[in-house]
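Input: a single structure, listed below in structure tokens.
The values are calculated or read from the model by the stated rules, or taken from the named source; none is laboratory data. Not measured: the values here are computed from a predicted model. Neighbour counts are summed over all protein chains in view; Cβ atoms, including those assigned to glycine, are modelled from backbone coordinates with ideal geometry.
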Amino acid sequence: MIKDELRTPGAVRDAQRWTAHNYHPLPVVIASAEGAWLTDVDGRRYLDCLAGYSALNFGHRHPKLVDAAHAQLDRLTLTSRAFIHDQFADFCRELAQLCGKDLVLPMNTGAEAVETGIKVARKWGYQVKGVTPGQANIVVAEGNFHGRTTTIVSFSTDEEARADYGPYTPGFRVVPYGDLDALTAAIDGDTVAVLLEPIQGEQGVIVPPAGYLPGVRQVCTTRNVLLLADEIQSGLGRTGTTFACEHEDVVPDMYLLGKALGGGIVPVSAVAADAEVLGVLKPGEHGSTFGGNPLACAVGTEVVRLLATGEFQRRSAELGARLHGGLQALVGKGLLAVRGRGLWAGLDIDPALMTGREASERLMTRGVLAKDTHGSTIRLAPPLVITEEEIDYALAQLAAVLTE
């Protein structure tokens, strides 16, 4: 195919012409995918090292997930929560058991799961803890990323995500991530919850200091405050365990889940907690037309069953060791630092060499797709179906980019 016949430039122009510019995507136009590989409209293949920000933990078009979706499409896709459908109980039961919790509340997007968690925590605070009416507060961390709704960006410290969306929702106290003393000092009698990512993804895959999460758990227990773990990116096998909290044997009061729960096929999110927490909700007090729909539940149940085997957690741990070993070898050779766990890594590139955007564009030309975040940092989060050989390929391309 000669250059004038390439479809990518025109497709990129059309997307820019007809779409609000709330994203700055790489100039690649994907037409098909399977496993860890993507193919663009011109037939070029790329190794996916982003996995839809962990929404594609099980790879593109995993056969069991696609089969579950196809089968459900031929039967029933939506009822609303006005009725019970035959996929609902299985999904809720099996996810609750995976989480070790009593109850599950299905929603659609990760942001909806976070909003649900905030609402439930406040209601619990008023009805169970006895917080002063209208005075509930939630402690959050600097550098957080929990979604894009008005309430959520109200406590973001990323001005690009927050600016010009005020007036902002009150009721949040922001403390430095990883600072247990600051978090403890922020809690008072009207605090209902601490909301944290066990590993901060958007910030650059920031792993908190050892002992921090257990310390937060102890403080929350002592002060009668709920611990809400946003495992939307870090959970469901990404870090080598089912949940990132498990690395320090921490059990939160509430899991906020999303992304990979939908298998990369449909948006599925959920809140999982015990009955004394989620039980504060009564009919009519919270809901979603599409939340827990039959198609979502069919796919989500199969996702939970894949995780129940432990295969993907083991792959993430074992292949993650290979990935991080290779990345550490590049520190001092273009990389300033590497962070992460399992098949998840944040790489700080020497800004004297290039920005994170430039690094992502150069990797793209070499057949590897990744995405930049702040400054000269890029994130790697390949599907958990990636192979050793494919990891080595990605590492080789990164090494070549750093020495160009």
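Worth a mention:
- Scanning the range 386-395 for residues that are surrounded by fewer than 22 Cβ atoms within 10 Å (Cβ to Cβ) and in contact (Cβ under 8 Å) with a residue 12 or more places away in the chain yields THR387, GLU388, GLU390, ASP392, TYR393, LEU395.
- In the range 47-81, the residues that are touching a helix residue (DSSP H, G or I) at 6+ places or on another chain (Cβ under 6 Å), buried (at least 16 other Cβ atoms within 10 Å of the Cβ) and part of a helix (DSSP H, G or I): SER54, LEU65, ALA68, ALA69, GLN72
- Boolean, LEU256 is touching a Pro at 6+ places or on another chain (Cβ under 7 Å), outside any loop (DSSP other than H, G, I, E, B) and in the same structural domain as ILE138 (by TED's automatic domain parsing): no
- Condition check for GLY204: in a loop (DSSP other than H, G, I, E, B), touching a strand residue (DSSP E or B) at 6+ places or on another chain (Cβ under 7 Å) and assigned by TED's automatic domain parsing to the domain that holds PHE88: yes
- Matching option when the condition is farther than 27 Å from ARG322 by Cβ and either crowded, with 23+ Cβ neighbours inside 10 Å or of a type outside the set (Gly, Ala, Ser) (or both), among LEU236, LEU195, LEU213: LEU195
- Condition met for ARG339 (part of a strand (DSSP E or B), closer than 21 Å to PHE312 by Cβ and within 24 Å of the chain's Cα centre (by Cα)): no
- Where ARG314 falls short, out of the listed (1) surrounded by 15 or more Cβ atoms within 10 Å (Cβ to Cβ); (2) under 21 Å from the mean Cα position of the chain (by Cα); (3) not in a loop (DSSP other than H, G, I, E, B); (4) not polar (S, T, N, Q): (1)
- Filter result for GLY189 (assigned to a loop (DSSP other than H, G, I, E, B) and crowded, with 23+ Cβ neighbours inside 10 Å): no
- Given (1) of a type outside the set (Asp, Glu); (2) exposed (fewer than 11 other Cβ atoms within 10 Å of the Cβ); (3) within 29 Å of PHE243 (Cβ to Cβ), index of the condition ALA96 fails: (2)
- Selection from the range 365-375 of residues that are touching a residue at least 40 places away in the same chain (Cβ under 8 Å), over 16 Å from ALA399 (Cβ atoms) and not in a strand (DSSP E or B): THR373, HIS374
- Qualifying residue in the range 158-171 (condition: aromatic (Phe, Trp, Tyr), surrounded by fewer than 20 Cβ atoms within 10 Å (Cβ to Cβ) and in the same structural domain as GLY264 (by TED's automatic domain parsing)): yes
- On the stretch given as the range 82-97, residues that are free of Cβ contacts under 8 Å to residues at least 12 places away in the same chain and part of a helix (DSSP H, G or I) total 3.
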